[in-house]
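Reading through the structure tokens given below for one structure.
The values are calculated or read from the model by the stated rules, or taken from the named source; none is laboratory data. All values derive from a computational prediction rather than experimental measurement. Using ideal geometry, Cβ is built from the backbone for each residue, glycine included, and neighbour counts are taken over all protein chains shown.
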Amino acid sequence: METGSLPSHPDRGQTHLTKTEVDMKYAPLVGRILFAAVFVFFGAGHLTATEVMVDGGMVPSFLPFPTFIVIGTGIAIILAGLAIAAGYKTKQAALFLFFFLLGTSILIWGSGFAAGEQVATGMFLKDFALAGAALMIYHFGPGPMSMDAKNVEE
């Protein structure tokens with residue numbers, strides 16, 4: 001059911017876009033921005049509260065150079081978040097976040113989850129859900145309003 005139409009892009013040979021087509025054009029953009037904001041925010045936390053994360057056990061004890069790991073992962077997840085928000089190298093950034101989140105779930109929150117700790121369980125499930133969303137972004141791509149889609153058109 002068409003509730004109205006809007007002018008279309010002239011290169012597509014159509015004269016109008018339906019409201020549903022407009023919604024579908026912007027929905028992936030909004031979804032990418034919302035998803036990416038989490039990683040920009042968390043990455044900034046890695047950079048501003050590095051010692052708190054190191055002292056709080058956010059880096060497994062068997063890994064060397066915990067401060068470097070916190071700073072490095074902070075920078076990496078900020079860059080991945082910005083790439084996904086912009087729709088630039090979206091699939092690569094999403095795949096990186098998928099593996100990062102799986103690793104975080106298991107290495108950081110896994111033992112607390114297995115022990116039934118409430119906070120660890122919530123964080124474990126949050127990271128698993130975000131990993132699933134990252135995998136969907138990897139599979140479906142960034143959508144039409146992205147730098148990746150613009151590069152394909154050129």
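Would a scan of the stretch 54-76 turn up a residue that is within 18 Å of Met145 (Cα to Cα), touching a residue at least 24 places away in the same chain (Cβ under 8 Å) and in a loop (DSSP other than H, G, I, E, B)? Outline the logic, then answer.
Filtering the stretch 54-76 down to residues within 18 Å of Met145 (Cα to Cα) leaves none.
Checking the stretch 54-76: not a single residue is within 18 Å of Met145 (Cα to Cα), touching a residue at least 24 places away in the same chain (Cβ under 8 Å) and in a loop (DSSP other than H, G, I, E, B).
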Those residues of the stretch 32-87 which are out of contact with any helix residue (DSSP H, G or I) (no Cβ under 8 Å at 6 or more places or on another chain) and surrounded by 13 or more Cβ atoms within 10 Å (Cβ to Cβ), in sequence order: Ala49, Phe68, Ile69
In the list Ala114, Ala133, which residue meets the criterion of being of a type in the set (Gly, Ala, Ser) and within 20 Å of Gly43 (Cβ to Cβ)? Ala133
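Could you tell me whether the stretch 104-119 includes any residue that is under 16 Å from the mean Cα position of the chain (by Cα), of a type in the set (Gly, Ala, Ser) and crowded, with 20+ Cβ neighbours inside 10 Å?
For the stretch 104-119, residues under 16 Å from the mean Cα position of the chain (by Cα), of a type in the set (Gly, Ala, Ser) and crowded, with 20+ Cβ neighbours inside 10 Å: present.
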From the list Leu125, Leu82, which residue is in contact (Cβ under 8 Å) with a residue 40 or more places away in the chain and of a type outside the set (Lys, Arg)? Leu82
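Might you check whether a residue that is part of a helix (DSSP H, G or I), among the charged types (D, E, K, R) and closer than 21 Å to Ala131 by Cβ occurs anywhere in the stretch 27-35? Spell out the reasoning first.
Initially, the stretch 27-35 is screened for residues part of a helix (DSSP H, G or I), giving 27-35.
Keeping just the survivors that are among the charged types (D, E, K, R) gives 32.
Restricting the remaining residues to those that are closer than 21 Å to Ala131 by Cβ gives 32.
Checking the stretch 27-35: at least one residue is part of a helix (DSSP H, G or I), among the charged types (D, E, K, R) and closer than 21 Å to Ala131 by Cβ.
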With the stretch 83-154 as the region, which helices (runs of 4 or more DSSP H) entirely inside it contain at least 1 residues that are touching a Leu at 6+ places or on another chain (Cβ under 9 Å)? 90-104, 110-114, 118-140
For Thr20, which of the numbered conditions (1) modelled with pLDDT of 95 or more; (2) more than 15 Å from the chain's Cα centre (by Cα); (3) within 28 Å of Met147 (Cβ to Cβ) fails to hold? (1)
